[in-house]
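Structure record follows, encoded as structure tokens.
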Amino acid sequence: MEKSIETIWKDGFLNNDALVAPKVNNIYNLKSKHIISKFNRMFKRNLIGLVIGSSLFLIYAVFADILIMGIGTFIISNVIVIVNLKLMKTLNNIDKNVSSYNYLKAFDKWLKDQLRINRKLARIYYPLFFITAIVGIWFSGNFQALLSEILGKPHQIYLVNGFPILWMLPVILIAGLLAIFGDKIYNFDVNLIYGRVFRKLNEIIADIEELRK
């Protein structure tokens, strides 16, 4: 009979024939359930926060006359949410008819795969966020008014067919750097939020493997 995530832990991590195994199993069962549950809660909260945050920013963008930025941010943010919700569903594919130790190892593998996919995505969406912000500012009414004033002064801006080529060079450069280093930026962001959880998970696995020797 297929087991739920809760009942998986009853099989324990160690051989129950050992004198101290029941107590040790119970300790690591509790620690493992806690760390996985904590990650799932944090992950879901962050996705919900991304949806709410991008929605509120879209509303603000309407009134702040940066609608393109608001729409772009909303679309990119919610694509990230959709992708990660699909990744979250794959967690259900982990075989539950295994021991708690094997389930913990499978969860760790799933987590690493999920992070690897998001690192690749980060090299796309970080530049897109930046370009969306620049385009949104460029087409805002306030910036266009400022641009008209600048154009009235000699040698303040250089346009080619009405397009600010010289201004676009640093934009392209920064977007390129974000594409190159997007995975590292993502790692920094993720470690700020989940770093403690990741370290705890690695410590638990290392401790269990040491005990199983």
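Every read-out reported here was derived from the displayed coordinates using simple, explicitly stated rules and does not represent laboratory data. As the structure is a computational prediction, the values presented were derived from the model and not from experiment. Please note: Cβ atoms are built from the backbone with ideal geometry, for glycine as well, and neighbour counts cover all protein chains shown.
Cut-off 17 Å, label point 7 angstrom out along Cα-to-Cβ of I52: give me the residues of the stretch 70-113 whose amide nitrogen falls inside.
78, 81
Evaluate the distance, in nm, between pseudo-label points positioned 7 Å from the Cα of I59 and of M88 along their respective Cα→Cβ axes.
Roughly 2.2 nm, to one decimal.
Which distance in nm do the two modelled labels at D95 and L67 give, with both placed 7 Å along the Cα-to-Cβ direction?
Between D95 and L67, the label points sit 5.5 nm apart.
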